[in-house]
Amino acid sequence: MTFDVLLFASYADAFGARSILVTVPAGSRVADIVRVLRGLDPDGALPERPLVAVNHRYAKGDQELHEGDEIAVIPPVAGG
């Protein structure tokens with residue numbers, strides 16, 4: 001399965017793109033996507049467990065992925 005993983009703010013800056021294609025085997029989970037991204041991370045900007053959303057809902061690492069899922073990796077935000 002291939003996913004166009006959306007990257008925001010500092011993650012987009014670190015990867016030099018607003019999205020990146022990630023290919024994983026069928027039956028993969030969110031943690032597998034994160035593992036691939038960490039291997040491609042040029043600056044080590046991606047933490048061990050970044051915040052990930054699948055189809056606009058926050059997802060845990062063990063969530064199984066399905067063809068057509070929208071995946072976004074969201075950096076920490078602060079505000080007041």
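Coordinate-derived values only; no laboratory data. Please read all numbers here as calculations on a predicted model, not as lab measurements. All Cβ positions, glycine included, derive from the backbone under ideal geometry; neighbour counts span all protein chains shown.
General remarks:
- Per-residue [θ]222 nm for the chain (sum of -39500 (n - 2.57) over DSSP H runs n ≥ 4, rounded to 500): -6500 deg cm²/dmol
- Assuming charge only on the beta carbon of Lys and Arg (+1) and of Asp and Glu (-1), the dipole of the chain about its Cα centre is about 160 debye to the nearest 20.
- Hydrodynamic radius of the stretch 26-73 per Kirkwood, over alpha carbon pairs, in Å: 11.0
- Net charge over other residues, Cβ less than 14 angstrom from the Cβ of Ala72 (K, R count +1; D, E count -1): -1
- For the stretch 2-74: relative contact order, % (alpha-carbon pairs under 8 angstrom, 6 or more apart): 41
- If you wrap the tightest convex hull around every Cα atom of the chain and split its volume per residue, you get 89 Å³.
- Using alpha-carbon coordinates, inclination of helix 30-40 to the longest axis of the chain, degrees: 60
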